[in-house]
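Presented below is the structure to which this report refers.
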Amino acid sequence: MQKSVRRCEKCGARMACDRVSNHCGSCLRLLITNEAPVQPDEFWVTKSIQAALESRHFGCLFAAYRKEASPRLSQAVLGRWLGLTQAQVSRLEMPGSRPPSDLVKLERWAKALRVPPGLLWFSVSHPSGELAGRGSDLSLERVHRRQFLKTAGVSATAIGASLLGAVPPSRVAARSRAAPMSRSCAT
């Protein structure tokens, strides 16, 4: 018995049978941008999206959005659009997780996903575009800060190790007990 071969809808490349998307990795990267596309009205009236909106839990909306989007989205891609990490998206989507209540974040996420304001359970007070880019800028700023601190820490450790590494600890103790060495200067 031979399994049917799955092929990418765009380029026709052969795909693994357990792949969720209908596109290969290369085509999927080309299809996915750094911001959420404008979804048609039919997208927002699907059962899963409506149930997520009625639950007033953005984690549920994230999961439903990813499921209904075509091509299907990963948590990492959704996180990139929202200024979150994949782990943060996963934590928010987890069943039984506490719904986020920070109105600034909710507004930013709604703008980033381009959720029609009439469907939201809260009012969006900021002009469009003001909050959408802010999350990714802040997130990028944090990443740069983290990378700088990590690099600075590694550099300080390397410098300290090179200074301490010049004389092994056992020799340092032996030197401190021995008489100081006389140094002569060449004239």
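Annotations
- From the list Arg108, Arg134, the lone residue that is of a type in the set (D, E, K, R), at pLDDT below 95, buried (at least 21 other Cβ atoms within 10 Å of the Cβ) and under 30 Å from Ser26 (Cα atoms) is Arg108.
- Selection from segment 67-86 of residues that are under 16 Å from Lys111 (Cα atoms) and not aliphatic (A, V, I, L, M): Gly79, Arg80, Trp81, Gly83
- Selection within segment 92-105 - within 17 Å of Arg66 (Cα to Cα) and either among the hydrophobic types (A, V, I, L, M, F, W, C) or exposed (fewer than 13 other Cβ atoms within 10 Å of the Cβ) (or both): Leu92, Met94, Pro95
- Elements of type helices (runs of 4 or more DSSP H) in segment 1-90, at least 1 residues being crowded, with 18+ Cβ neighbours inside 10 Å and at pLDDT 90 or above: 47-55, 58-68, 75-82
- Val115, sole failed condition from (1) at pLDDT below 80; (2) surrounded by 13 or more Cβ atoms within 10 Å (Cβ to Cβ); (3) over 19 Å from the mean Cα position of the chain (by Cα): (1)
The values are calculated or read from the model by the stated rules, or taken from the named source; none is laboratory data. Keep in mind that this is a model prediction, so the values were computed, not measured. Virtual Cβ from ideal backbone geometry, glycine too; neighbours counted across all protein chains shown.
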